Amino acid sequence: MSSSRSRNPLVVGRVIGDVLDPFESSIPMRITYNNRDVSNGSEFKPSHVVNQPRVTIGGDDLRNLYTLVVVNPDAPSPSDPNFREYLHWLVTNIPATTGPTFGNEVVNYESPRPSMGIHRIVFVLFHQLGREIVYAPGWRQNFITREFAELYNLGSPVAAVYFNIQRESGSGGRRLC
């Protein structure tokens, strides 16, 4: 029993603990950047994640609505994450079987651009009890997914996945945008 839990990539990657409490995944969620799937622990460079990803949410009933939260628990650096969690994207009222383009974008997508260390970017999906009016937080840093879920009565997540990202190698921190 405990051996299967210890192999859960969200536990191994400390997403369970740093961002989320233990939960059972119950809805499929697929995230792709430029036709490349995000899987737990996969590695991306900032140049791969400039544009918001394609997100597909499973389910079979369009009346079921979901909230997508995307955070970085390692900002500004994994050794001193005093911005934990940094909010990269927040979309509510996403109907099942669709994606964020059919929901309400509360906080627009901001591509991750870490300057120090390896950062985890965590996608968390919550099932809503009904259509929600969610207010944008005043700032992106120090967002707390657990408190947000409690405030809006979202309960436990129904899906989560994370990837690792670090500065472009050899770029010296220069941005190519």
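The values are calculated or read from the model by the stated rules, or taken from the named source; none is laboratory data. Worth saying up front: this structure is predicted, and the values here are computed from it rather than measured. Cβ: placed from backbone, ideal geometry, glycine included. Neighbour counts: every protein chain shown. Side chains are part of the model used for accessible areas, which takes the heavy atoms of the whole protein and leaves out ligands, DNA and RNA. Shrake-Rupley method; radii C 1.70, N 1.55, O 1.52, S 1.80 Å.
One table, with the values for the structure above:
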{"quantity": "Residues located in region 154-172, provided they are surrounded by 10 or more Cβ atoms within 10 Å (Cβ to Cβ) and at pLDDT below 95", "calculated": "Gly155, Gln166, Arg167, Glu168, Ser171"}
{"quantity": "Boolean, Arg146 is surrounded by 16 or more Cβ atoms within 10 Å (Cβ to Cβ) and within 23 Å of Arg14 (Cα to Cα)", "calculated": "no"}
{"quantity": "Contacts under 8 angstrom Cβ, first residue in region 129-146 being at positive phi, partner among the basic types (Lys, Arg) and open to solvent by 40 Å² or more (accessible area, probe 1.4 Å), 6 or more apart", "calculated": "Asn142/Arg84"}
{"quantity": "Subset tally (residues that are more than 14 Å from the chain's Cα centre (by Cα) and in contact (Cβ under 8 Å) with a residue 60 or more places away in the chain) for region 29-43", "calculated": "1"}
{"quantity": "Tally, over region 69-89, of residues that are touching an Asp or Glu at 6+ places or on another chain (Cβ under 6 Å), within 27 Å of Ile57 (Cα to Cα) and not β-branched (Val, Ile, Thr)", "calculated": "2"}
{"quantity": "Counted residues, region 39-69 - those being under 21 Å from Pro9 (Cα atoms) and assigned to a strand (DSSP E or B)", "calculated": "8"}
{"quantity": "Selection within region 8-38 - in a loop (DSSP other than H, G, I, E, B) and within 15 Å of Ile121 (Cα to Cα)", "calculated": "Gly13, Arg14, Val19, Val38"}
{"quantity": "Single condition Asn64 does not satisfy, out of (1) loosely packed, with under 15 Cβ neighbours inside 10 Å; (2) more than 17 Å from the chain's Cα centre (by Cα); (3) not aliphatic (A, V, I, L, M)", "calculated": "(1)"}
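Yes or no, residue by residue, for (1) in contact with a helix residue (DSSP H, G or I) (Cβ under 7 Å, 6 or more places away or on another chain); (2) outside any strand (DSSP E or B); (3) crowded, with 18+ Cβ neighbours inside 10 Å; (4) not acidic (Asp, Glu):
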{"position": "Val71", "(1), (2), (3), (4)": "yes, no, yes, yes"}
{"position": "Asn82", "(1), (2), (3), (4)": "no, yes, no, yes"}
{"position": "Leu87", "(1), (2), (3), (4)": "no, no, yes, yes"}
{"position": "Thr92", "(1), (2), (3), (4)": "no, no, yes, yes"}
{"position": "Glu105", "(1), (2), (3), (4)": "no, no, no, no"}
{"position": "Gly117", "(1), (2), (3), (4)": "no, yes, no, yes"}
{"position": "Leu129", "(1), (2), (3), (4)": "no, yes, no, yes"}
{"position": "Val134", "(1), (2), (3), (4)": "no, yes, yes, yes"}
{"position": "Gly138", "(1), (2), (3), (4)": "no, yes, no, yes"}
